[in-house]
1. With r as the distance between the Cβ atoms of Thr73 and Ala13 and R0 = 41 Å, compute the FRET efficiency 1/(1 + (r/R0)^6) and round to 0.05.
2. Can you tell me which lysines have their Cα less than 30 Å from the Cα of Lys104? Leave out same-chain residues fewer than eight positions away.
3. For the pair Arg204 and Arg309, how long in nm is the line joining their label points, each one 7 Å along Cα→Cβ?
4. If a/c stays under 1.5 just call it rounded; otherwise compare a/b with b/c (prolate if a/b is bigger, oblate if not). Do that for the stretch 187-318, with a ≥ b ≥ c from the square roots of the Cα gyration tensor eigenvalues.
5. Using a Debye calculation, one point per C-alpha and no hydration shell, please list log10 I(q)/I(0) for the stretch 1-115 at q = 0.10, 0.12, 0.19 Å⁻¹ in order.
6. Before I look further, what does the stretch 1-78 give for accessible area per residue, probe 1.4 Å, in whole square angstrom?
7. For the stretch 195-318, what does the accessible surface come to per residue with a 1.4 Å probe? Please give it in Å².
8. Okay, helix-only estimate at 222 nm for the chain: each DSSP H run of n ≥ 4 adds -39500 (n - 2.57), divide by all residues, round to 500 deg cm²/dmol; what do you get?
Amino acid sequence: MTTPSTNWQEVVAPDEAQRHRDQADLFVEMQRRKSAKFGTGRALHRKQRPALRATLEVPADLPAEARQGIFATEARYEVQVRLSNGGFDRAPDHVPDIRGFAFKVLGVDGRSVFGGPAASQDFVLINHEKFSSSTSREFSQVTTAGGAGLAGILRALLRSPRLFGNLKEVRAALNKPFSGFATEDFFSAAPISYGPYAVRVRLRAASAEVNPQAKDDWSADIYSRLAQAPLVHELQVQFFLDEARTPIEDAAAIWDSPYQTVARLVIGPQEPDEAFAAEVEAAKFDPWNAVAEHRPLGEVMRARKVAYRPSQLGRGAG
């Protein structure tokens, strides 16, 4: 395996703080419109699919560079899982969309990224290895324009014709075939720290057996599989090597670095639980809910820090 490097660094633009606040305002307004139409909910990933109980199992025999943060020693953690459709509120499951696989690791030790005891270690993953744009600027403009419908997209294009290329990227991402939450890989698509290292994260698919009917009801597909056997996903990290192959600040780049398994996410047999689903729906899944050793990195992650908080307050999850 190529030796990971600790010589990574973040680059913060002078106008970044104000730009991130302005972008957060766009998401708040989009969330307000959606909540007025569909009921109180998130700005994105409003449609929760299964809410699941799981365990994260960290083995004892990881190599030295992989023994960092919550993976430093052999451990078994309780986990809450939230699966979701991305941007569309009432669309049936077969409609193309970005899919989310978020999970909250409970009972972690250590300090949070903001100081004080860490409440959890959250991983917020999507079914794409990269974002559609290098920075949050284009992502926020395209996403919030799409949230306003066709008229919003046309207004955004008139203001910034350069967004046309990003809209094509988003359309391609939305139209990517999706076989189900058990049979697809999910990615952080942006880096986090890993002790002295930097990594991106991947959750490997639990099964290669695709159910052709899964697209009609993603939840039914998951529960039918769990009735037969646990779903076991490998949690993997991809180490930073250098800026050319693994750029920290370019969220549209695919990293050229091998993945290494650091834990197993095991979802055991279970049936739908309405009370637990409501608890998960009300919870905050945020990459900044993290131990200090796994601090989110890069401009897109820094933008998420600013945008998530008002979104959480907007649905009463403060």
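The values are calculated or read from the model by the stated rules, or taken from the named source; none is laboratory data. As the structure is a prediction and not an experimental result, all values here were calculated from the model. Cβ placement follows ideal geometry from the backbone for every residue including glycine, while neighbour counts extend to all protein chains displayed. Keep in mind that these areas ignore ligands, DNA and RNA; they rest on the heavy atoms of the full protein, side chains included. Shrake-Rupley method; radii C 1.70, N 1.55, O 1.52, S 1.80 Å.
1. Computed FRET efficiency for Ala13 and Thr73 comes out at 0.60.
2. List returned: Lys34, Lys37, Lys47, Lys130, Lys176, Lys215, Lys284, Lys305.
3. 3.9
4. The shape class here is oblate.
5. Rounded to two decimals, the profile gives -0.55, -0.77, -1.11.
6. Heavy-atom accessible area per residue stands at 56 Å².
7. 43
8. Mean residue ellipticity, 222 nm, calculated: -9000 deg cm²/dmol.
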